[in-house]
Amino acid sequence: ICLWRVLWLERRFRDALTSSQGDSLEDVLKHHLKKVDAVGSHLVKLDDAYKKLAATGSLASQKISIVRFNPFGDTGGDQSFVLAVLDAHNSGYVITSIHGREGTRVYVKPVDDGKSKYPLSKEERQALSQASKRVPK
């Protein structure tokens, strides 16, 4: 009976230590560790790519706002506008188009960290404020 039990346990032990393809548990573990190492190195590459994309993406135009207004009381409609275009750091530019009877004038003012070194009109400050409050999804 003891011999039969030992043989039965040896067979169960051997079955437990071999895969369905006949590989030993040691071979299966080696193969698995190689896969884990490959996934680890791939993860490092993906992390580097993510950091580059995040840095590049933060400089892209993300926050945009437009304010229409009528600078002169004698013209019809809100034909003039201010367009604020900012990145994730609230840097970018403000474009102002003032439409009058004699023509249209366009002005551009750079914005760094939510501020411009040039004086901003009420409408430009409004467009800048609206754009800076937007959160990209």
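Please grab the % of Cα pairs in the range 45-124 that end up more than 19 Å from each other.
48 percent
Please compute the modelled spin-label separation between Val28 and Tyr118, points set 7 Å along Cα→Cβ, answer in nm with one decimal.
Distance between label points: 7.1 nm.
Per the 1.4 Å probe, what fraction of the accessible area of the range 73-137, in percent, lies on carbon and sulfur atoms?
Using a 1.4 Å probe with all protein chains present, the range 73-137 comes out at 51 percent carbon and sulfur.
In the range 45-137, which GluC sites (Glu not before Pro) are in a loop and have at most 15 other Cβ atoms within 10 Å, using DSSP for the loop call?
Listed in order of number, the matching sites are Glu102.
How much accessible area per residue does the chain have, counting only protein heavy atoms and a probe of 1.4 Å, in square angstrom?
That works out to 77 Å² per residue.
I need the calculated FRET efficiency for the pair Ser129 and Ala55, taking r as the beta carbon distance and R₀ as 41 Å, to the nearest 0.05.
Details: r = 26 Å, r/R0 = 0.64.
Here the calculated transfer efficiency is 0.95.
Provide the FRET efficiency to the nearest 0.05 for the Val39-Arg14 pair, computing r from the beta carbons and using R0 = 35 Å.
With a Förster radius of 35 Å, E is 0.70.
For a protection proxy built on the mean count of beta-carbon atoms within 10 angstrom, sort 3-16, 54-67 highest first, please.
Output ranking for 3-16, 54-67: 54-67, 3-16.
Would you work out which of Ser121, Ala38, Thr18 lies farthest towards the positive end of the dipole of the chain, given +1 charges on the beta-carbon of Lys and Arg and -1 on that of Asp and Glu, about the Cα centre?
The residue sitting farthest along the positive end of the dipole is Ser121.
Starting from the exponent 0.38 and prefactor 2.2 Å, build the expected Rg for the range 40-85 from its residue count and divide its actual Cα Rg by it.
2.26
Can you tell which of Asp87, Asp37, Asp48 shows the greatest fluctuation in a Gaussian network model of the chain with Cα springs below 10 Å?
Ranking Asp87, Asp37, Asp48 by mean-square fluctuation puts Asp37 first.
If you add up the charges near Leu3, with Lys and Arg at +1 and Asp and Glu at -1, over every other residue whose beta carbon is less than 14 angstrom from its beta carbon, what do you get?
Around Leu3, the charge tally is +1.
What does the convex hull of the Cα atoms come to per residue for the chain, in Å³? Don't skip to the answer; put the middle values down first.
Details: hull volume 26.9 nm³, N = 137.
Spread over its residues, the Cα hull of the chain gives 196 Å³ apiece.
The values are calculated or read from the model by the stated rules, or taken from the named source; none is laboratory data. All values reported here derive from a predicted model rather than from experimental measurement. Glycine gets a Cβ as well: all are built from the backbone with ideal geometry, and neighbour counts include every protein chain shown. Areas reflect the complete protein model, heavy atoms only, side chains present, ligands, DNA and RNA absent. Shrake-Rupley method; radii C 1.70, N 1.55, O 1.52, S 1.80 Å.
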